[in-house]
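Peer 1: Here it is: the structure, laid out below.
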Amino acid sequence: MQLQENISLQPYHSFASQEKAAFFSIVSTDIEMETAIAWAQDKAIPFLVIGAGTNIVFTKNFEGLIIKNEIMGIRKTHEDASHVYLTVGAGENWHHLVSFCIHKSWGGIENLSLIPGTVGAAPIQNIGAYGVEVGEAIEHVTAFDTLIDQWITLTKADCLFGYRDSIFKQQKNRYLISELSFKLNKQPNFKTDYGVIRDRLHDMGVKTLSLEAISNAIIHIRSQKLPDPKLIGNAGSFFKNPTVSKEQYEKLQVQYPKLVAYPISDNSYKIAAGWLIENCGFKGVRKGNVGCYEKQALVIVSYGIESGQEVNHFSQEIIDTVLKVYDIELEREVNIY
Ligand SMILES: Cc1cc2nc3c(=O)[nH]c(=O)nc-3n(C[C@H](O)[C@H](O)[C@H](O)COP(=O)(O)OP(=O)(O)OC[C@H]3O[C@@H](n4cnc5c(N)ncnc54)[C@H](O)[C@@H]3O)c2cc1C
């Protein structure tokens, strides 16, 4: 096992703050991952698996072992008349997998184009965009269960996927994922319900839908509205869209006729967190070395932070303001350590 001591985490996460890890190891096989966990357990120190670090804020030095997952490999295990089944190493880049599938004409994850990060982190918050969530395409997940110290296979049902949620998020750091199996469609089922996708396809002059055309449309939309984490430190949407009762929605709607929301059941509505934050005046606002992105208030950006504490404090100010104005408590989507 390759071990580094007292290293800066700055290159390993997209907010690029300067916290350090007491120990750091890159693993490229499941055996290396298990060895690293056993080493940390033996020393009785905390451990944390990371991928590309695009959904993390470090607020202090990590006094344990950071395990950077680089378990690679994409292989087709089998196929039937309608589907192709793939097994993918958790360290693969997510967008690389999407592009690979589009190239092979296998549908199911094209709407998740250009989401940063690794394949292994995708099920943690059940990444989603433009009407698709990764849980829909996952068959099963292979993980080391640190509670029983054994490798296990979780089926899609075991994963308890929900909106930006899963068993992996509910029981943080219990399951360390090494591999995922996907079921993809040979006959694509295009999802273009979002008006922005249809508008973009129209502007691109697309007459016949294809996986590639949808992916290109989404890449264009995302590149226009989201900051590139390689250029501006950020972790994408910082907060989840909150759910409120129909009664609370109706009251808010009277007070704020432009409120952006949509029904998710007979009695509940999801409210656009970005709208709530923007309407409180945060869009484009900078406080010290952090701020809300000028094109999307839901994204907190860094202007060269030293510590993730700055992001954490700013996000708390947003939570407090939104609570005071609308009586809605925002929940962070990003993982704070
Ligand atoms: C510009 C931008 C746009 C984004 N857009 C979206 C979007 O549209 N939809 C969306 O859902 N998300 C989005 N995100 C968030 C992010 O891309 C996803 O959460 C992604 O899955 C994070 O992958 P990662 O490898 O960087 O995970 P990391 O940030 O490294 O880790 C995230 C969490 O997962 C855990 N984890 C990572 N790997 C493993 C593993 N192998 N086993 C167990 N636990 C693990 C970590 O401990 C941590 O808690 C965006 C982020 C950015 C910066």
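The values are calculated or read from the model by the stated rules, or taken from the named source; none is laboratory data. Remember, it's a predicted structure, so these values are computed and weren't measured experimentally. All Cβ positions, glycine included, derive from the backbone under ideal geometry; neighbour counts span all protein chains shown.
Peer 1: Is it true that residue 81 is over 25 Å from the mean Cα position of the chain (by Cα) and buried (at least 19 other Cβ atoms within 10 Å of the Cβ)?
Peer 2: no
Peer 1: Can you pull out the residues in the range 82-95 that are more than 9 Å from the ligand (Cβ to nearest atom) and closer than 24 Å to residue 38 by Cβ?
Peer 2: Of everything in the range 82-95, just one residue is more than 9 Å from the ligand (Cβ to nearest atom) and closer than 24 Å to residue 38 by Cβ, namely 89.
Peer 1: Just to be sure I understand, how many residues within the range 44-81 are in contact with a Leu (Cβ under 8 Å, 6 or more places away or on another chain), away from the ligand (no atom under 16 Å from the Cβ) and closer than 21 Å to residue 151 by Cα?
Peer 2: Total satisfying the criteria: 2.
Peer 1: Check the range 64-71 and report whether any residue there is assigned to a loop (DSSP other than H, G, I, E, B), modelled with pLDDT of 95 or more and either within 21 Å of residue 305 (Cβ to Cβ) or not aromatic (Phe, Trp, Tyr) (or both).
Peer 2: First, pick out the residues of the range 64-71 that are assigned to a loop (DSSP other than H, G, I, E, B): 70-71.
Subset that is modelled with pLDDT of 95 or more: 70-71.
Narrowing further to those that are either within 21 Å of residue 305 (Cβ to Cβ) or not aromatic (Phe, Trp, Tyr) (or both): 70-71.
There is at least one residue in the range 64-71 that is assigned to a loop (DSSP other than H, G, I, E, B), modelled with pLDDT of 95 or more and either within 21 Å of residue 305 (Cβ to Cβ) or not aromatic (Phe, Trp, Tyr) (or both).
Peer 1: Just one of the numbered conditions (1) buried (at least 19 other Cβ atoms within 10 Å of the Cβ); (2) more than 10 Å from the ligand (Cβ to nearest atom); (3) under 19 Å from residue 133 (Cα atoms) is not true of residue 168; which one?
Peer 2: (2)
Peer 1: Out of the residues in the range 109-135 meeting the condition of being out of contact with any Phe, Trp or Tyr (no Cβ under 7 Å at 6 or more places or on another chain) and of a type in the set (S, T, N, Q), tell me which one is farthest from the ligand (Cβ to nearest atom).
Peer 2: Out of the qualifying residues, it is 113.
Peer 1: Pick out the one residue from 120, 135 that is modelled with pLDDT of 95 or more, crowded, with 18+ Cβ neighbours inside 10 Å and part of a helix (DSSP H, G or I).
Peer 2: Going through 120, 135 in turn, just one is modelled with pLDDT of 95 or more, crowded, with 18+ Cβ neighbours inside 10 Å and part of a helix (DSSP H, G or I): 135.
Peer 1: Condition first: part of a strand (DSSP E or B) and closer than 30 Å to residue 2 by Cβ. Now tell me which residues in the range 78-101 satisfy that.
Peer 2: Scanning the range 78-101 gives 86, 87, 88, 89, 93.
Peer 1: Here's another thing I want to ask about it. If only one of 218, 214 is in a helix (DSSP H, G or I), within 12 Å of the ligand (Cβ to nearest atom) and out of contact with any His (no Cβ under 9 Å at 6 or more places or on another chain), which one is it? Lay out the reasoning, then the answer.
Peer 2: Values: 214 fails: within 12 Å of the ligand (Cβ to nearest atom).
The conditions single out 218.
Peer 1: List pairs: first residue in the range 196-218 and on the phi < 0 side of the Ramachandran plot, second residue assigned to a loop (DSSP other than H, G, I, E, B) and loosely packed, with under 15 Cβ neighbours inside 10 Å anywhere in the structure, Cβ distance under 8 angstrom, at least six positions apart or on different chains.
Peer 2: 201/209; 213/204; 216/204; 217/204
Peer 1: Further question on the same structure: Is it the case that residue 153 is outside any loop (DSSP other than H, G, I, E, B), among the hydroxyl-bearing types (Ser, Thr, Tyr) and away from the ligand (no atom under 13 Å from the Cβ)?
Peer 2: Judged against the criteria, residue 153 is a match.
Peer 1: Does any residue of the range 171-189 turn out to be within 10 Å of the ligand (Cβ to nearest atom), exposed (fewer than 14 other Cβ atoms within 10 Å of the Cβ), basic (Lys, Arg) and within 21 Å of the chain's Cα centre (by Cα)?
Peer 2: yes
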